[in-house]
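This report refers to the structure that appears directly beneath it.
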Amino acid sequence: MKKLEITILMLIILLGGFLRLYGLDKSPPSLNWDEAAFGYNAYSILHTGRDEYGKLLPLFTRSFDEYKPAIPIYLMIPLIAILGLNEVSVRMVSALSGIFSALVIFLIARKIFRSSIPGYFSAFFFAISPYSVYFSRVMFEVNLALLFFLLGFLLFLYKDKKFALSLSLFFFILSMYTYNSFRLLTPLFALGLFLLSRNELSKKRILIKNILFGFALLLPMVQSVLNGTAVARFQYTSILKFWPPPLWETLVQNHNLSGLFSFIIHNQFFYFFWELAARYIGYFSPANLFLRESAEPTLLIPSLAILNPFEFIFLSLGLFYILRNYPLYKQLVLLMLLAPIPAVITWNLFQSIRVLPLFVVFSFISGYGAYLILRALRSFSSEKNLQTFLVAIFLVGTITVGLWSAFYLFDSLMVILPMSYFGNWQPGFKQSMPIISHLQDQYDQIIIDSPHSNAYIFTLFYLKYPPEKYLNELNYEKISISPRNYYDFGKFKFRKIYWPDDRGGHKKLFMGTVYSLPEQDIKNTPNAKIIEDIKDPSGAVSVRIVSLD
Amino acid sequence: MKKAFTIFLIGVIFIVCLIVRFQFDSPVTYQEATESYNSYSLLLTGKGVNRERWPMIFKGEENFPSTLAIYTRLPFIKILGLNNFSVRLPAILSGSLSLILFLFWIYQQRNFIPILQRSEGKILITLSGLLFTFSPWLIVQHIFNLADSLALLLILAGNILHSFRNNKTFWTLGVVLLLLSPLASVKSLPFSLFILSYQGYKLYGRKGLGLGLLSIGTLLILIKLNSGFGTYFIRNSIISDIIPSNYSWKIERRLSYDQVEQSTILVGGKNLNRLIHNKYLYGLNNVFLGLISPFNFEYLSSPFQTQPLLEKESISPKALPKIFFLELPLMLLGIIIVFKKAPKLLFLGAAGLSSAVFSGSPDGLFYLLLFLLIAEAIALITIYHLKKFGFTLSLLILLLFCTSQISFFDLLKNHQTEWVAENDLRQWQIWNRLKNPLNNYSKITVTNRLGEPVNYFLFYNKYPPGDYQAVRTLGGINEDLIRQVRSIKNIDFISFKYLESDRKPNQLWVGLAGEFVGKFNSYKDVNEVSDGKVIYKINGVKQSDQYLGDELWFVETRFEK
């Protein structure tokens, strides 16, 4: 690569890196329970070689019965060893994945479009896109899976090089081990790539070797599928929740028909197909991509949707030209058409986290769209000065609007998210655990009542509870029941607090809300004392710590 | 013989088009009620509801009813009276007439568009006609929306007349029709402006572009005639997105957040956030957002399936699908083929797009529909001619089309409660229950929390327009400088708190349950209220205020002696 190429790329990476790494512990304002679980399991494996359930070097860890992939956990271990167990070390894997993905996107775009310029644009749009920045700032394993997937794609494009095909296969399969939706998308896309390039993959011996290599890598996955761990999450998210389709039910109730007529007029297969189609089309809807905030609290980017609005023109133009010259960009079109499939078979209407590869395709296409405009401006006039002027205006304009969008996003994440959307991020644990840690030795029991699920994992994480101790204190018989409903360990009890019953004991520490620990009732109990009220940014008490001496 | 067969075929399509649009029993929309009562008023008093004699611009309570829609309905209401049939018949007829003009217009294009000259040209015309006939969006518009139906009819007619280049009378008439279309629907203005400019350019070269200025002149005249129209025009177009007053509050809010939170770019007492939060960049961003807004697939294709998304927006999720799912990829494919094989058709697409973008709402895409239907027909023909799976794919598409169409008609005809707008439905229920209400009670109070009840009352009760103009009481001026009607004789149209209101014997109060008893856990168990009895309930009312419940109550005051 030339010096200029490297400089531009470095600037893009720096910008992307800044947006992803700055204040990683401050925004989002606290960890969600999945992040805490990733972090604590990594911490546990680092110290004991076992996950929180005592399983030795697992491929999937049970966590909240949805069986999390362990690959992100293993990558987190060295970071936790260096930086300690905290928000930054937990989120760093995802953040770095986002940064490296921008580089891979540049390389893929350069290869597909046979020019570096669409690559710069694609990498730039990706580096500042709200979805990528946001998903990089939270430990979403999908971000790592996306990097693996993109590496697989990139290496496939260089399949003529030695070992490129094997490495491509390796990364593709790694993506399957890392996030659920890739378990469906990757095989479909890999098969599609193979079919599109079957004439180029003529060396049968190499092909057979690679197929065998792929099967070998997939064997543990097959085992996990058979015992249900690799598909556990699908049971909670399947679209079969909409069978029979709700609209069909309403129509049948209001308009009773029978026999063949009913089958034709009120056909549940048709309405179910409609549910699927609504989801599929929804992932291409400009309103979802550019206008709507996410309906899912932990995926919500304040005041922004998935992509920056200014990309709309580039995306429309690029999409049009790519579809028009489809034979040249078959791989991109294939990925674009396949990417929504894993999301379509789930019940959510528009779940951005399940279709990240689709958004990456949009970054490619927007990049190409911008390149087309640039190319058109260069040939707009035969006069060199005018050409240069137009190109300069375009570049300055795009970079200015791009930078504005990047800093608007930065402001939304650093200011609006912690201030207005703190409620989506389980407020209170981060601030209260140092107090609990300081006091825990003075009490026989610590009772934690939380409005949030999975309080035990936040306790383990923020207390940095020694994993050896935790594994010794676990009641393996009680936690073997699935879904898990028992979380106590050591002196920590996780249950509802009902003050009229609870006020009778001694040497107990309570952590709850203003509803479970009402101020007046505490004052009326002689040996009870409010130790601390933890307030959220709006000034309301999110956690109350009470001692019973 | 051949000509006779063509006429017969067109006749058959026209009749089918009419039949599928026959839908008279569903409740009138707010727009229909407002427009038709204005027509009724003109017929009986020679004045619109605002006492203006044969006006060019009518002022409604929240909008400007379509001038041409009001005048077009006059003969129908004169002959048939004020009812659903007379209100909808002109829309259905103008929609069906549009079909014939549409077919004729495509036929006219055969000399310019090579694809129409080939053997499949006739199939393309027939297919476009069929898609037009059965398009769910067109069906709905041709039943309920006379304004847009008329605008489309005028644009098609104007366009056809323009093709007679050597006949100046026809050409001028074409210009007049195009200039009239904004009087039918203001959304059509960019469309007609685009077509005028294009036709002018084709005939006179660059000088002909001046014709476009005529359209702008028309608009300025309309604004001059009524200053409120200018406000309305801006409010309903992308212009409102660019005006700083519409987003400066957002800038201030963000800046104030930054102050409170001590943003990282609040450096050394200087607020660098101004670099991000300023009106220039917000304005530019809003332009992009305005461009994107019309392309709302959830609203266009699947309001039933996507309610959770749409409910968060101002768009009502209670609506029939406008475009079937399978049509979207077909339309996209068609556009790509048009670019390659029939680029001259693009002017129609560009014209339609201008209206969509200008309106900044999905409804504006209606004017792009003609182009999209032709594109879809081209895509279907291309698929049919595919060497591999062409026939199978076509058969599958046909099957899906038929199923979608059956489902659509089932919804349209048999499940009105699923798609009729909530306010239209509830007002229809209220005024069906209260026939000649003034004869039975000393005073009636009807809540205005379910739309503006006045126009529905006037329509359903055929209230004498002369009386209405003389006895109505006007309320305050709202933010759009429009004065709302507060009462007519002894009927009040206001939201109320029953317990705090002045109650007298022999009164009827119609409102949401919460307006009578406040927030309550079980409205369904309540049959009596203070000084009154609930004589009728309507259940399942959807409205935004959760404290008011989902029941509509009719309460008669009863005082113990």
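A few comments on the model shown:
- As computed over the range B:364-498, the Cα convex hull volume per residue (Å³): 184
- Summed over all non-identical Cα pairs, the Kirkwood treatment of the range A:1-53 gives a radius of 14.0 Å.
- The range B:329-440: C-alpha gyration tensor shape, a/c 1.5 cut-off, then a/b vs b/c: oblate
- Computed over the Cα atoms of the range B:374-444, the ratio of the radius of gyration to the Kirkwood radius (Rg/Rh) comes to 1.43.
- Virtual spin-label span in nm between B:S394 and A:N325, 7 Å along Cα→Cβ: 3.2
- Kirkwood Rh and Cα Rg combined as Rg/Rh, the range A:412-532: 0.99
- 3J(HN,Hα) couplings calculated from phi for the range B:464-470 with the Karplus curve 6.51 cos²θ - 1.76 cosθ + 1.60 (θ = phi - 60°) are, in sequence order, x, x, x, 4, 4, 5, 8 Hz; Gly and Pro show x.
- Pairwise label distance in nanometres, A:L201 with B:K387, each label 7 Å out on the Cα-Cβ vector: 2.4
- Considering chain A, its Cα convex hull presents a mean projected area of 32.2 nm².
- Per-peptide packing, taken as the mean over residues of other Cβ atoms within 10 Å, places B:407-420, A:220-233, B:325-338 in the sequence B:325-338, B:407-420, A:220-233 from highest down.
- For the range A:84-184, the equivalent ellipsoid derived from the Cα gyration tensor has semi-axes of 24, 18, 10 Å, listed largest first.
- Values of log10 I(q)/I(0), in the order q = 0.17, 0.20, 0.30, 0.32 Å⁻¹, for the range B:3-42 under a Debye, Cα-only, solvent-free model: -0.64, -0.70, -0.93, -0.96
- Label separation (B:K341 vs B:K224): 4.9 nm, computed from points 7 Å beyond Cα along the C-beta direction.
- Partner shielding of B:294-302 amounts to 6, given as the average count of beta-carbon atoms from other chains within 10 Å of each residue beta-carbon.
- Pairwise FRET efficiency - A:D536 versus B:I234, Cβ, R0 = 60 Å, nearest 0.05: 0.90
- When the alpha carbon coordinates of chain B are projected onto the principal axes, the ranges are 87, 78, 52 Å, largest first.
- Within the range A:404-547: Cβ-based charge dipole about Cα centre, in debye rounded to nearest 20 (Lys, Arg +1; Asp, Glu -1): 180
- For the range B:1-128, the spread of Cα positions along each principal axis, largest first, Å: 58, 29, 24
- Charge context of B:F295, other residues only, Cβ under 13 angstrom, K/R +1, D/E -1: 0
- Between the range A:218-265 and the range B:34-93, the C-alpha centres lie 50 angstrom from each other.
- For residues of B:402-410, the mean tally of beta carbons on other chains within 10 Å: 4
- Potential lengthening between A:V396 and A:I481 on full extension [0.36 nm per residue; Cα-Cα distance subtracted]: 24.5 nm
- Values of log10 I(q)/I(0) for the protein assembly as shown across q = 0.07 Å⁻¹ run -0.80, by the Debye formula with one identical scatterer at each alpha carbon and no solvent.
- The protection proxy used here, the mean number of other Cβ atoms lying within 10 Å of each residue, ranks peptides B:512-525, A:390-403, B:343-356, A:83-96 as follows, highest first: A:83-96, B:343-356, B:512-525, A:390-403.
- Three semi-axes describe the equivalent ellipsoid of the range B:28-67; taken as square roots of 5 times the Cα gyration tensor eigenvalues and ordered largest first, they are 16, 11, 7 Å.
- Residue-count net charge about B:A147 - beta-carbon cut-off 14 Å; Lys, Arg +1, Asp, Glu -1: -1
- Look at the stretch B:279-285: the mean tally of other chain Cβ atoms within 10 Å of its residues' Cβ atoms is 3.
- A Förster distance of 51 Å, applied to the separation of the beta-carbon atoms of A:Q223 and A:D25, puts the FRET efficiency at 0.85.
- Bridges between two residues of chain B, per DSSP, are antiparallel at a rate of about 75%.
- FRET efficiency for the pair B:N490 and B:E52, taken as 1/(1 + (r/R0)^6) with r the Cβ-Cβ distance and R0 = 35 Å, rounds to 0.85.
Bear in mind these aren't lab numbers, they're just calculated from the coordinates by the rules spelled out. Everything numeric in this text was worked out from a predicted model, so none of it was measured. Glycine also receives a Cβ, built like all others from the backbone with ideal geometry; neighbour counts cover every protein chain displayed.
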